[in-house]
Number of protein chains: 2
Amino acid sequence: MSAELPIVDASAAPCCPPVTAAALSEADAERMAAMFKALSDPVRLRLFSRVASHAGGEACVCDIQDVGVSQPTVSHHLKKLREAGLLTSERRGTWVYYRVAPGPLAAMAGLLTATR
Amino acid sequence: MSAELPIVDASAAPCCPPVTAAALSEADAERMAAMFKALSDPVRLRLFSRVASHAGGEACVCDIQDVGVSQPTVSHHLKKLREAGLLTSERRGTWVYYRVAPGPLAAMAGLLTATR
DNA sequence: GCGCTGCATTGACGCTCGTCGATACAGCCG
DNA sequence: CGGCTGTATCGACGAGCGTCAATGCAGCGC
């Protein structure tokens, strides 16, 4: 596959008020579920948290890849997180750096934040 | 699997500071991933949002079951949400009422809330 | 150019998941 | 009691996922 499938458009509408405020439409549920799915695997969640908490807001793959699975598997999971719109990647010389996409993260947090 | 597997203990430690603050341990990642997994299906996410946004903070299955899948499938998804600790259920006469468990919801929101 | 390191892709395998129809169970009502 | 409605469980099937070893590709240094 060539083009990075844009499962979640990072520049899309904020989408979702708190889940306690109104029921989700079918389309919104589909989009949000895709993001939750990206974090539904322990290995992926750890990779995500390592990028998010890394100094400077970005991390090279080599900094975070020690999570107990093979290197191809790490690469596979990072791709999933990219496709979900939760991470962005940039190649700088030999290394590839990942950072968190703030928009989708805020959308998920907003959805889960109780109004009361 | 017979007994209700307590994938996530509702009364467990708050578990997680924002994901931008520190990397998750393997155990915490496992627990949090289980919650995200529960919301990673569009049908489940819609059921959850319908319960969360329903008047009175609770909903009868009959109020929310029109999501385009069969009744057994709805029941199956509600069970998954229960097992993940995100919903609680109570039988009152003929009907079963579901409501959101505030603790786990807050844990997820807290994890995703950016510190900056 | 050549070899080496960092990361991505491919292809295969086993397991889990979402879905359904059929069926079972619980509580109300006549 | 007998029938009816609301909800849960069972068993089966196909699709998708996580994992790996093998391979490919890009960039650096000698």
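A few notes on this one:
- Among the residues of region B:24-73, those identified as part of a loop (DSSP other than H, G, I, E, B), more than 7 Å from every other protein chain (Cβ to nearest Cβ) and either touching a Pro at 6+ places or on another chain (Cβ under 8 Å) or of a type outside the set (S, T, N, Q) (or both) are B:His54, B:Asp66, B:Val67, B:Gly68, B:Val69.
- Restricting attention to region A:66-88 and to residues that are among the polar types (S, T, N, Q) and under 15 Å from the mean Cα position of the chain (by Cα), the residue that is nearest to A:Glu30 (Cα to Cα) turns out to be A:Thr88.
- Of the residues screened, B:Ser25 is one that is at pLDDT below 95 and open to solvent by 40 Å² or more (accessible area, probe 1.4 Å).
- Complete set of residues in region A:40-65 that are closer than 14 Å to B:Glu26 by Cα, surrounded by 23 or more Cβ atoms within 10 Å (Cβ to Cβ) and in contact with a strand residue (DSSP E or B) (Cβ under 8 Å, 6 or more places away or on another chain): A:Phe48
- Evaluation of A:Arg91 against (1) open to solvent by 40 Å² or more (accessible area, probe 1.4 Å); (2) under 16 Å from the mean Cα position of the chain (by Cα); (3) of a type in the set (D, E, K, R) (one fails), failing number: (2)
- Residues (more than 12 Å from DNA strand C (Cβ to nearest atom) and touching a Lys or Arg at 6+ places or on another chain (Cβ under 8 Å)) located in region B:40-88: B:Val51, B:Gly57, B:Glu58, B:Ala59, B:Asp63, B:Ile64, B:Leu87, B:Thr88
- Residue among A:Val100, A:Val43, A:Val51 that alone is within 15 Å of DNA strand D (Cβ to nearest atom), over 30 Å from B:Gly57 (Cα atoms) and among the β-branched types (Val, Ile, Thr): A:Val43
- Checked against (1) away from chain A (no Cβ under 12 Å); (2) modelled with pLDDT under 95; (3) more than 13 Å from DNA strand D (Cβ to nearest atom), B:Cys16 meets all criteria but (1).
- Test: residue in region B:90-104 that is more than 13 Å from DNA strand C (Cβ to nearest atom) and under 23 Å from A:Arg46 (Cα atoms): yes
- B:Lys37 buried (at least 20 other Cβ atoms within 10 Å of the Cβ) and within 16 Å of DNA strand C (Cβ to nearest atom): yes
- Scan of region A:94-116 for residues that are open to solvent by 30 Å² or more (accessible area, probe 1.4 Å) and more than 10 Å from every other protein chain (Cβ to nearest Cβ), ordered by number: A:Thr94, A:Trp95, A:Val96, A:Tyr97, A:Arg99, A:Gly103
- Those residues of region B:74-94 which are in a loop (DSSP other than H, G, I, E, B) and without any contact (Cβ under 8 Å) to a residue 40 or more places away in the chain, in sequence order: B:Gly93, B:Thr94
The values are calculated or read from the model by the stated rules, or taken from the named source; none is laboratory data. If you're wondering where the values come from, they're calculated on a predicted model, not measured in any experiment. Note that we place each Cβ from the backbone using ideal geometry, even for glycine, and neighbour counts take in every protein chain shown. With ligands, DNA and RNA removed, areas are computed over all heavy atoms of the protein, side chains included. Shrake-Rupley method; radii C 1.70, N 1.55, O 1.52, S 1.80 Å.
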